[in-house]
Amino acid sequence: GKCRFVLFESGMHDTMQARMELEMDLRDALGNDEFFLAYQPIVDLSDMSPNGVEALIRWRHPVRGVVQPDDFIPMLEETGLITDIGRWVLQQACAQGAAWRAAGYEIGLAVNVSGRQLDSDQILTDVQSALSASGLEASALTIEITETALMRNIEETARRLLLLKELGVRIAIDDFGTGYSSLAHLQRFPVDALKIDRSFITGLADNAEGETLIHTLVQLGKSLSIETFAEGIEQQHELSLLRGGGCDSGQ
Ligand code: MG
Ligand code: MG
């Protein structure tokens with residue numbers, strides 16, 4: 001009508017439907033106890049001793065089985081559900097970390113915090129209460145924030161990170177090297193560690209440039225007195241190059 005036409009593709013409807021179902025399922029998931037944490041070990045590359053773990057969220061969907069984070073985290077962020085679920089992650093991870101440390105394992109614990117969580121001072125309360133409820137020493141907890149999340153709102157984020165730092169926790173920049181350069185801002189944030197994104201590690205042996213890049217990132221860390229972590233090490237030769245290059249820790 002009115003000299004125009006509109007196309008409808010059934011695929012659009014299906015996509016919309018799938019998104020709505022995902023959102024509804026996610027709204028129930030926390031109450032139904034469907035989330036769980038997987039812990040990926042972190043080793044000290046100088047002697048290969050385990051020195052920590054990173055807590056990674058998984059979702060055990062009643063019908064679809066275990067859903068990977070890439071398939072539901074963006075929706076948690078869009079809907080704001082990440083605030084409640086992020087708080088749950090902090091509580092669970094700190095409790096597990098405290099239990100391991102009480103059992104004699106001197107390991108650190110890394111928890112991912114999304115940019116959305118850093119939009120409010122609530123994160124300070126959440127971290128503080130997770131620490132006090134679990135009894136975990138603040139220095140054993142590392143908060144990981146992606147480079148992209150840091151750049152969302154530099155002033156506010158820098159202020160909140162300083163307040164987090166005052167609680168005694170450590171701060172790591174996650175997926176380092178993939179976001180828009182935070183090099184100019186690195187000194188403004190109280191950063192303890194850089195986690196070099198796995199895309200730099202994968203296929204490290206196949207090109208000399210990759211090795212140069214890693215070397216540069218590790219040196220950057222050293223000159224700023226920031227620890228470096230390499231993520232996603234899968235091959236022996238990747239490990240050898242990283243150990244030889246002086247990277248501090250690996251996952
Ligand atoms: Mg991480
Ligand atoms: Mg990462």
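One table, with the values for the structure above:
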{"read-out": "Cβ crowding within 10 Å averaged over residues, with 13-19, 3-9 ranked highest first", "value": "13-19, 3-9"}
{"read-out": "Range of Cα positions in segment 173-251 per principal axis (Å), largest first", "value": "36, 22, 19"}
{"read-out": "Highest average packing first - 87-95, 207-215, Cβ atoms within 10 Å", "value": "87-95, 207-215"}
{"read-out": "Helical segments meeting 20 Å axial Cα length and Kyte-Doolittle 0.0 threshold in the chain (DSSP H)", "value": "82-102, 208-223"}
{"read-out": "Cα Rg, Dmax (largest Cα-Cα span) when computed across segment 28-118, Å", "value": "14.5, 44"}
{"read-out": "Rg to Rh, two decimals, where segment 2-46 supplies the alpha carbon set and Rh follows Kirkwood", "value": "1.41"}
{"read-out": "Proximal lysines relative to Lys165, as straight alpha-carbon distance under 26 Å, when same-chain residues fewer than 8 apart are discounted", "value": "Lys195, Lys222"}
{"read-out": "Rg ratio (alpha-carbon, reference 2.2 N^0.38 Å) - segment 103-251", "value": "1.08"}
{"read-out": "Net dipole in debye of the chain [+1 Lys, Arg Cβ; -1 Asp, Glu Cβ; about Cα centre; nearest 20]", "value": "440"}
{"read-out": "Quotient of Cα Rg and 2.2 N^0.38 Å for segment 192-231, N being how many residues it contains", "value": "1.12"}
{"read-out": "Assigned charges on the beta-carbon of Lys, Arg, Asp, Glu; segment 152-241 dipole about Cα centre (debye)", "value": "500"}
{"read-out": "Net length gained if the chain between Asn207 and Arg27 were fully extended (0.36 nm per residue, minus Cα distance)", "value": "60.3 nm"}
{"read-out": "Cβ-derived FRET efficiency at R0 22 Å, Gln40 paired with Asp84, nearest 0.05", "value": "0.40"}
{"read-out": "The chain - mean residue ellipticity at 222 nm from DSSP helices (-39,500 (n - 2.57) per run, n ≥ 4, rounded to 500)", "value": "-13000 deg cm²/dmol"}
{"read-out": "Kirkwood hydrodynamic radius (C-alpha pairs) into Stokes-Einstein, segment 75-179, 10 °C and 1.306 mPa s, D in µm²/s", "value": "114"}
{"read-out": "Projected label distance in nm at Lys2 and Ser139, using a 7 Å step from Cα toward the beta-carbon", "value": "6.8"}
{"read-out": "Where labels lie 7 Å past Cα in the beta-carbon direction, separation of Met75 and Ser240 in nm", "value": "4.4"}
{"read-out": "For the chain: Kirkwood Rh in Å [reciprocal of mean 1/r, alpha carbons]", "value": "19.7"}
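A short reminder: the numbers here are calculations on the coordinates, not readings from a lab. Computed from a predicted model, the values in this text were never measured in an experiment. FYI the Cβ positions are ideal-geometry reconstructions off the backbone, even for glycines, and counts take in every protein chain you see.
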